[in-house]
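The values are calculated or read from the model by the stated rules, or taken from the named source; none is laboratory data. Predicted model, so just to flag it, every value in this text is computed and none were measured. Here Cβ is always computed from backbone atoms with ideal geometry, including for glycine, and neighbour counts include all displayed protein chains.
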Amino acid sequence: MAATYLTPGVYVEEVPSSSATLSAGATAVAAFVGFTALAPHDDPSDPEGVKPRLVTNWTQFEKLYGGFAPGIMLPHSVYGYFNNGGSMAYIVRIPNTTPATESGVRALPSADRTLGPALEITTVEPNAPISINVTAEELPADAPDDASPTFSIDVIESGKVVESFDSLTLTKGARNVETIVNAESTRVKIATKIDVDQLTADLASIPAGVYSIEPAAATPVPVPGRAFTGSETARTGINGLVIAEDVTMVMVPDLITAATKADGSVDLNLWKSVQLALINHCEGQANRMAVLDAPPGMNPQQIKEWRSNVAMYDSQFAAFYYPWIKVSNPAATNGDTEILVPPSGHMAGIWARTDDTRGVWKAPANEVVRGALDVENDITKAEQGMLNPIGINCIRPFGTRGIRIWGARTLSSNTDWTYINVRRLFNMIETAIMNGTQFAVFEPNDQKLWEGLKRTVGSFLRGLWRDGALFGASAEQAYYVKCDSETNPPESIDLGRVIVEVGISPVKPAEFVIFRIAQIKETSA
């Protein structure tokens, strides 16, 4: 409604634009569901640390979840993801141990380490995430030469100082560290491990620093498939990722940990049920893809039969990779410095790297797998010939060209969605349009709104065509946007609907490069 003007003069009015600018959000945000060495304790509303948590680098993951550990695969996958170009990842921890029943213990050294530990600190509560910060204090200028040095102790729990004790000494007296701390602390207890009567002034101290008290070892417990599926309401497991709307790829690298039986065999029924839950989640969200790992220990013929006769997946929102890859193992405890890991985390990192360097429309294939030392099975060209048509993307060594992804297909039987990059391009465009056209809600449903929507979507698609995401010698060949009285008849308007038809021609990968070479023969005149 126009403003009322009563006084002569010049007036300026701001007129809102009938269109907006669309922009594509992050196209490579991963989500990992599985087991971790530790649980984060910095969120009081999530005491078990099971809700999706965003990390942006390996160091941040280590601080929250503890890094590598024997018997779990998720840290290896996360490390491979960041190493191959990933930059954002949600971690969904699945509890796989019972809490420790014993207290954590840490020995603090004396000033002369040859004397052995000076103190032994024990947590009052089992499995408590506690660290001890020791700080040396300066003696007064008038202190005698044989005065015992003093130090302070801060008790740190979940990153916060919860208790502080100052002017402590190792020697006997009113400020003896064992006497003071044991009388006042509710978090730790201290036992003196050194003969204090033999200490001299230069030895009666503890080196300054932060000393973490490792929790007692927890007991592993079996994890059923439904634990991976989780709950949307409780924000746990795969279904808990509904709150992470920007996720574009999801994987479950610790499926092998849960599916391995006592005799060392793999429970393929559990394997299939969890992967189906992952596929169903991605299809329901319709903006992300499942990155699936092949079961380990299968040769090409076995994986073909399992894919065709047992798994029988058919989804445009899933990609399947084979075989497993061999990487270095920082968590080795038996001298084995190499380990086979599921490839999904490394593949997701390559998806992110390709998006960053080329664009989401480029097929994430013919790229080197960083950190891969070898593959579980060396696949021949003929063997891939029977795997590629059924949507199994192979990882193959190519000598001096390194170990590369040599496939870019989804698991869909619909030829419109054969390629990963086509599905992901549509996911990106649909998300950008949905988020960028919210201005149209409750606007008058007339020609002005229709034209504004056409301009908004059309300019976005033109930019993609110029970047090489759409196929066509001209913009008209690459896409169209239709929003007029034909797509919006009176009965549709009466229902409060605005219908915009968008058609795009995606660029598809040159999967088979064929040169036709003929011999030219001279003919007599």
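Checked against the criterion of being within 23 Å of the chain's Cα centre (by Cα) and outside any strand (DSSP E or B), region 379-402 has no qualifying residue.
Within region 368-385, the set of residues being under 28 Å from residue 413 (Cβ atoms) and surrounded by fewer than 14 Cβ atoms within 10 Å (Cβ to Cβ) comprises 380, 381, 382, 385. Scanning region 391-403 for residues that are basic (Lys, Arg) and surrounded by 18 or more Cβ atoms within 10 Å (Cβ to Cβ) yields a count of 1.
Residue 408 fulfils the conditions (1) closer than 26 Å to residue 25 by Cα; (2) in contact with a helix residue (DSSP H, G or I) (Cβ under 6 Å, 6 or more places away or on another chain); (3) surrounded by fewer than 21 Cβ atoms within 10 Å (Cβ to Cβ) except for a single criterion, (3).
Residues that are among the aliphatic types (A, V, I, L, M), touching a strand residue (DSSP E or B) at 6+ places or on another chain (Cβ under 8 Å) and surrounded by 15 or more Cβ atoms within 10 Å (Cβ to Cβ) within region 112-135 comprise 118, 119, 121, 128, 130, 132, 134, listed in sequence order.
Residue check: residue 105 meets all listed conditions (1) among the β-branched types (Val, Ile, Thr); (2) closer than 18 Å to residue 193 by Cβ; (3) surrounded by 18 or more Cβ atoms within 10 Å (Cβ to Cβ) but one, namely (3).
For region 283-338, the set of residues classified as farther than 23 Å from residue 34 by Cβ and touching a strand residue (DSSP E or B) at 6+ places or on another chain (Cβ under 9 Å) consists of 300, 304, 314, 316, listed by residue number.
Residue check: is residue 453 among the aliphatic types (A, V, I, L, M), on the phi < 0 side of the Ramachandran plot, assigned to a helix (DSSP H, G or I) and touching a Phe, Trp or Tyr at 6+ places or on another chain (Cβ under 9 Å)?
So residue 453 does not fit the description; no.
If you go through region 260-286 and keep only what is in contact (Cβ under 8 Å) with a residue 24 or more places away in the chain and polar (S, T, N, Q), you end up with 273, 275, 285.
For region 29-98, list the strands (runs of 3 or more DSSP E) that sit wholly inside it and hold at least 3 residues that are within 10 Å of the chain's Cα centre (by Cα) and buried (at least 18 other Cβ atoms within 10 Å of the Cβ); which are they?
Ranges flagged: 30-34, 89-93.
Candidates 492, 459: the one that is more than 18 Å from residue 433 (Cα to Cα) and of a type in the set (Ser, Thr, Tyr) is 492.
Where residues in region 428-450 are touching a residue at least 40 places away in the same chain (Cβ under 8 Å) and part of a loop (DSSP other than H, G, I, E, B), which of them is surrounded by the most Cβ atoms within 10 Å (Cβ to Cβ)? Before you say what the answer is, go through the steps one by one.
To start, the set of residues in region 428-450 that are touching a residue at least 40 places away in the same chain (Cβ under 8 Å) comprises 428-433, 435-437, 439-440, 445, 448-450.
Next, from what is left, pick out any that are part of a loop (DSSP other than H, G, I, E, B): 437, 445.
Values: 437: 19, 445: 17.
My answer is 437.
Among the residues making up region 318-338, those that are over 22 Å from residue 84 (Cα atoms) and not small (Gly, Ala, Ser) are 333, 334, 336. Taken as a whole, the structure leaves residue 4 outside the set of residues that are buried (at least 19 other Cβ atoms within 10 Å of the Cβ) and hydroxyl-bearing (Ser, Thr, Tyr). Just to be sure, is residue 97 out of contact with any strand residue (DSSP E or B) (no Cβ under 6 Å at 6 or more places or on another chain), at pLDDT below 90 and of a type in the set (S, T, N, Q)? Answer is no for this residue. Restricting attention to region 123-140, does a residue exist that is in a strand (DSSP E or B), more than 13 Å from the chain's Cα centre (by Cα) and farther than 25 Å from residue 184 by Cβ? No, there is no match, as no residue in region 123-140 is in a strand (DSSP E or B), more than 13 Å from the chain's Cα centre (by Cα) and farther than 25 Å from residue 184 by Cβ.
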